[in-house]
Amino acid sequence: MTPTTPTLRVLVVDDNRGDRTLIIRELHREFSQLHVREILNTRDMAEAIATGEFDVVITDYQLHWTNGLNVLREIKQHYPGCPVIMFTNTGNEEIAVEAMKAGLDDYVLKTPGRYVRLAASVRVALERAVIQHRLAQLEIRLQDLLEALNVGVFRLNAAGELLECNSTFLSLIGADSFAQVQDIQGLDWQIYSQLTDLPPPQKQEQEILLRRANDTQIWVLLSVTLKRLNGEPVVDGLLENITARKQAEIELQHFNATLEERVQERTAQLETANQNLEAFAYSISHDLQEPLRAILGFSQILVESQGDLSDPDNQLFLQRILIVSQQAIQLVQDLLSYSQLSRTELSLQPISLSLVVADVLSRLEPELRSRQAQVQVEEPLGVVIGNRTVLVQVITNLLTNAIKFVAPGVQPQVRVWAEEIVEDMETSRHENNEEMIAASSSLYLPLAVSSKRIRLWVVDNGIGIPPEDHQRIFSVFVRLHGIEVYPGTGIGLAIVHKGIERIGGTVGVESQPGQGSRFWIELIKATNGIAPV
């Protein structure tokens, strides 16, 4: 199905009936759908203009009630985009020139050889009107877009005179009219001479501090391009307000300029605070331990001496003095160990868990024998990335707790074993690196990390731990039982947690009251081919 051709609506303004018939005949040859309205007087003309139901106007110059120039001006006044063609034999060159200046689309003489040109002239005028309408719409859309973007648009001639601009341009520079533009300080209006010295394409972009007409200042980005319009050189420019960006850049430059100084100052303050803290910790430990050692020494002398101290009550009091003094000394030592774990620089390397466990068991041999504890180690335990000193301290605390926290009359039984945990390669690498970075900025890791981890288990037959306390027991000074039943400082598991955290690992527990505990530490498995220590 072919689309229907729109009907062409034509006003024919001519006193001569024969000429009107000739015009209609020529138009029918070119346009299949045609509606012609013949205008014979002023009233017909007024009615046609009032309704506006026409697409093109064909007029003679000499009319008994007016002339073609008046018809042209009246049509263009009400419908500027409507094509008007003058079809006459009474005009002259002077009239034709004047008509073209008034907006006439074409001038066709009423001569036999020119009749056929009339219809073609109408088609060309209509096509040109459509193009002009589209261009006008495009210009309106472009203007709306530029206004929405808050970009000033302007055009200068070679002399630096402003030819045209949009309202945003005037608003940016703080001017109310063209007359104020040349007085704006900061803009060099002799842009043309600057662009002519540049190689093609003759463009330039620069940031300018602009003093506006109201005496305020803003930063603007000026972009200009040299062009030719109808053979004449012009400069097209864009002006954008970049004050916010420039202020941010200035603040950033100032921030960067003082950043290093502030970092050094804060670092020095932090180092001083750490030194003071360390000195305070050692001072406190010394001041606490000295009197405690004295009490302990004198108590031992009294216990070992004979005479008045044979009274059972006195002996009991002295024994309590000894026990409390030993606990106080152990507490200070544990606090120092915990403090050092937070501050000491740690280097990481492959560590054999088997060697560490064997070393710890050797050190705990007297205590294991006194408690008749049985410790079963299931090899292999594997090689991990860690710090030997930290791991010895961590495993010592775990094994000590395992043989201590058992019900009265129960022989401690401990099982130590390990399992390998395989993780996603990319996820593991990311998480491992993040853990190590978060653990301490002072860690030194000379090796590439593995995508596998080793979990070391220490399982006992002790009294167990309620689930609600599984996380709490790793905090400092947390005790779940009275010191008379299970002696201790409440810092052992806090040292385990801090130590494992510092070497990039994790720690946890699985336990129920009366069912023993399963403590675990998880560390990165060392890569093959590297000798452990």
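Of the candidates Glu426, Glu435, the single residue that is of a type outside the set (Phe, Trp, Tyr), surrounded by 15 or more Cβ atoms within 10 Å (Cβ to Cβ) and modelled with pLDDT under 85 is Glu435.
I'd like the full set of residues that are surrounded by 14 or more Cβ atoms within 10 Å (Cβ to Cβ) and either in contact with a Pro (Cβ under 8 Å, 6 or more places away or on another chain) or not in a helix (DSSP H, G or I) (or both), limited to the stretch 103-122.
Scanning the stretch 103-122 gives Gly103, Leu104, Asp105, Asp106, Tyr107, Val108, Leu109, Lys110, Val122.
Taken over the stretch 102-145, the criterion of being touching a helix residue (DSSP H, G or I) at 6+ places or on another chain (Cβ under 6 Å) and without any contact (Cβ under 8 Å) to a residue 40 or more places away in the chain is satisfied by Ala102, Gly103, Leu104, Asp105, Asp106, Tyr107, Val108. I'm checking my understanding of the structure. Among residues of the stretch 66-98 that are part of a helix (DSSP H, G or I) and free of Cβ contacts under 8 Å to residues at least 24 places away in the same chain, which one is surrounded by the most Cβ atoms within 10 Å (Cβ to Cβ)? Within the stretch 66-98, the match that is surrounded by the most Cβ atoms within 10 Å (Cβ to Cβ) is Ala96.
The values are calculated or read from the model by the stated rules, or taken from the named source; none is laboratory data. Computed from a predicted structure; not experimentally measured. No Cβ is skipped: glycine too gets one built from the backbone with ideal geometry, and neighbour counts run over all protein chains shown.
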